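Here is the structure we will look at, set down as structure tokens.
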Amino acid sequence: MTTVEKRLIADRDATLELIASLSGDWDGVVRGSAYANVDDEHDPEGATIAYERARIEASLARARENLADIEDALRRLRDGTYGVCERCEKPIGEGRLEARPTARTCITCASA
Ligand SMILES: [Zn+2]
């Protein structure tokens with residue numbers, strides 16, 4: 001297994017754990033609000049729950065996006081297209097892959 005593959009798999013595991021933990025938080029908030037029967041508009045606790053929900057939802061969305069990027073990078077590793085720019089089909093710089101192992105485009109295309 002290559003270094004980058006190991007790193008991507010470790011990242012994927014960490015992201016899956018994060019998603020599981022965020023989903024647990026989410027369930028807690030949902031259960032809490034169901035039992036509390038709060039009015040989101042006027043109850044200060046309702047506002048906190050709404051805020052918590054929004055925060056967890058945003059973190060979950062980010063984590064899922066991240067997971068999709070990682071899965072995609074792993075698929076490209078298997079296909080042999082990893083490290084090749086999606087747009088110009090030139091190799092992506094090593095430094096860029098080091099900083100962003102899930103990069104799909106070279107620095108030139110990414111900044112274009
Ligand atoms: Zn490119």
Take the alpha-carbon centre of region 54-72, take the same for region 82-112, and report the distance between them in whole Å.
-> 21 Å
What shape does the chain have by the C-alpha gyration tensor, where a ≥ b ≥ c are the square roots of the eigenvalues, rounded means a/c under 1.5, and otherwise prolate means a/b greater than b/c and oblate the rest?
-> prolate
Decide, for region 73-112, between rounded, prolate and oblate: order the square roots of the alpha carbon gyration tensor eigenvalues as a ≥ b ≥ c, take rounded if a/c falls under 1.5, and otherwise choose prolate if a/b is larger than b/c, else oblate.
-> oblate
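Read-outs throughout are calculated quantities, based only on the coordinates presented, and are distinct from any laboratory measurement. Everything quoted here is computed from the prediction, not taken from an experiment.
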